[in-house]
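Here's the structure, in structure tokens; my notes come after.
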Amino acid sequence: MGSGELRKRFLEFFKERGHSVIPSSSLVPGNDPTTLFTGSGMQPLIPYLLGQKHPMGTRLVDSQKCFRADDIEEVGDNRHTTFFEMLGNWSLGDYFKEEQLPWFFSFLVDELGLDPQKLYVTVFAGDPKNNIPKDEESIAIWKRLFAEKGIEAKDVVLDTSEKGSELGMQGARIFAYNAKKNWWSRAGAPENMPPGEPGGPDSEVFFEFTQVEHNLAFGQNCHPNCDCGRFLEIGNSVFMEYKKQENGGFEKLVQRNVDFGGGLERITAASNADGDVFKIDTLHAVIQKIEELSGARYESAFQQSFRVVADHIRGAAFMIADGVLPSNTERGYFVRRLLRRAVRHADKLGMKQGVFAELVSPAIENYGEQYPEIKEQEQLIKETIQKEEVRFRETLAKGLKEFEKLSGKGISGYEAFNLYQSYGFPLDVTLELAKEKNIEVDRDGFQQEFQKHQEVSRTGAAGRFKGGLADASVETTRLHTANHLLLAALRQVLGEHVHQRGSNITAERIRLDFSHPQKAAPEELKKVEELVNEKIQEGLGMIKREMSKEEAQKLGAEMEFGIKYGDVVSVYFAEDEKGNVFSKEFCGGPHVKNTSELGKFKILKEEAVSAGIRRIRAVLD
Ligand code: SER
């Protein structure tokens, strides 16, 4: 089945059940400063989930354009894309679990004809700390629905991914996970939600691709949330009935909502029982065009490049249609990254010169009916892509030469930044080239140079890369606080000579570079890890104090070498109620309020960066 047909059937299915079809919002959020792009169907509907009346009623259905910038580096496997469409149906204080789960199940099984034997579901295991019960109602509904298809559905509690890989499937069909997996809000788990944020337990449906063998790299046993590719999440029903309170607790929203989101491409892939989303019609049309213009074949060692080009060209087309043009700042930088990375991969495929912009034609053709803007802006899209290609090519050959010169050794932050500034290589391109040559790039150094430059040119991007943070998401904020604890613990265990020499924090991990003459011994790292966890458990407050730079220095607050600070600085203290200070650091934030919000801290790796500088990668579980 094609994705256009599937989208139509989804909208129709819910129209028959009293829903009004609403158009997709722009990829550029209208009124949400917390994010650069629309990344889920519920973002544009927030006011209505909170109780405002929607002009189209209380039952809505749509297909929302989404862009997830975080996934750029993941593109290349069989399921990650930056741009995707999220099918959504919405109850704004109307129906709830009793209607939602049977409807979605019926859509998959009766309407699309999916084999119910290949469907597995997850539910919320409960959160005693916040007094939110296990979702027994959904369990009972799922049992009944599977029983109607002659399937006995056993339920088990897995709680976490770690336990999941330890315990495995156990012959079950319904799996309860904790809030990390089965709770949805824009900010993630309950403790990460700011006051006023709506959220709730959710229930996800997974499709099993039986031809995919479990991959042991993802854990001992497979389970729905394993991520090895055997199970693919195809839909998520969020029962949005809670709101975070000022005091940290939860209250019921004024209405009980359903927020359902399902990846159109993933559902199409499931209905074709082929786990490669690049084989569905819309993406495959682009792949075929690439084959035609390059002479290379998709079913070959070049598959990854095909996927990068197909995803990026489509994503860029939708961005340009929504008015985002390539530039060096904010949103425009993402379009630039998409296009330049795609040009390089197209070259790898041996694509003829001067035809790059033509690749966008199948995407415009296939999406024009559903998203008229892409058809209306066809000329602008093609011209923009072509111009960006030409501009990149002006410096590409020289840049590659320069890269060759550097590639005997690692690439410093300054060199990576120079490749960007003088030759237009976004960091992604440099990283990929480096990977092919098996050499290291100093990412943190690049970010620092980038930041310095942004500050000089006073662009909006400066604020977004503050302090080496990839973004200001809640996960990133938590890891940022953990970074402070880690530095203080390193200084306690290894000695006062330890200072920060760079840090890069994303929503997934910390990367901290610090001064230390030799490798840290395993026992030392263990001590550091234990100390950080101890401080998390003690629940230290993260307190910000403004003071003069001299005063802060006198107090011995940590400051990063090579960074310029103003005369009045803010210092973050991690301290207990009695005022015992564990860490004090010059820092602009953001941080969590209390270290108890961090969970379990874990060091993954310690390695050398250069003489006298070590690097630690760490995560929060
Ligand atoms: N908000 C949920 C998600 O993005 C369901 O739409 O997964």
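The values are calculated or read from the model by the stated rules, or taken from the named source; none is laboratory data. Since this is a predicted model, take the numbers as computed values, not measurements. Backbone-built Cβ (ideal geometry, glycine too); neighbour counts: all protein chains shown. When the accessible area is computed, the model is the full protein with side chains, heavy atoms only, and any ligands, DNA or RNA have been set aside. Shrake-Rupley method; radii C 1.70, N 1.55, O 1.52, S 1.80 Å.
For the range 337-415, the per residue solvent-accessible surface stands at 50 Å², with DNA, RNA and ligands left out and a 1.4 Å probe.
Would you mind telling me the antiparallel percentage of the DSSP bridges in the chain, rounded to 5?
In the chain, approximately 85 percent of DSSP beta bridges are antiparallel ones.
Radius of gyration over Kirkwood radius for the chain, both on Cα atoms: the Rg/Rh ratio is 0.96.
Here the 3J(HN,Hα) profile of the range 237-251, calculated from phi with Karplus coefficients 6.51, -1.76 and 1.60 at θ = phi - 60°, is 9, 9, 9, 8, 10, 10, 9, 6, 9, 4, 7, x, x, 10, 10 Hz, Gly and Pro shown as x. Taking each residue as 0.36 nm, the span from residue 553 to residue 98 lengthens on full extension beyond its C-alpha to C-alpha distance by 157.7 nm. At most 12 other Cβ atoms within 10 Å and a DSSP loop assignment: could you name the GluC sites (Glu not before Pro) in the range 359-401 that fit? Hits after loop and neighbour filter: 369.
Give the percent of DSSP beta bridges with both residues in the range 1-140 that are antiparallel, rounded to the nearest 5.
On the way: 10 of 13 bridges.
If I count the DSSP bridges inside the range 1-140, around 75 percent turn out antiparallel.
Counting only protein heavy atoms and a probe of 1.4 Å, the accessible surface of the chain is 47% carbon and sulfur.
Restricting to DSSP loop positions (anything but H, G, I, E, B) with no more than 11 other Cβ atoms inside 10 Å of their own Cβ, which GluC sites (Glu not before Pro) remain in the range 1-99?
When the GluC sites (Glu not before Pro) of the range 1-99 are filtered for loop state and at most 11 Cβ neighbours within 10 Å, 16 remain.
Just so you know, the Rg over Rh for the range 576-621 is 1.06, from Cα atoms, with Rh as the Kirkwood radius.
Given a 1.4 angstrom probe, what's the average accessible area per residue across the range 57-131, in square angstrom? Walk me through the numbers on the way to the answer.
Values: 2400 Å² over 75 residues.
So the range 57-131 comes to 32 Å² accessible per residue, rounded to a whole number.
Taking label points 7 Å from Cα along the Cα-to-Cβ direction, residue 131 and residue 228 give a separation of 4.2 nm.
Close amide-amide hydrogen proximity is noted between residue 159 and 176, 177, 178, each under 5 Å apart and 5 or more residues distant or on a separate chain (H modeled in the peptide plane; Pro and chain starts excluded).
With runs of 4+ DSSP H residues as the only contributors, calculate the mean residue ellipticity of the chain at 222 nm using -39,500 (n - 2.57) per run, divided by the residue total and rounded to the nearest 500.
On the way: 20 runs with 237 residues, N = 621.
Rounded to the nearest 500, the figure is -12000 deg cm²/dmol.
For the range 513-621, a/c is not less than 1.5, where a ≥ b ≥ c are the root eigenvalues of the C-alpha gyration tensor, and a/b does not top b/c. That puts it in the oblate class.
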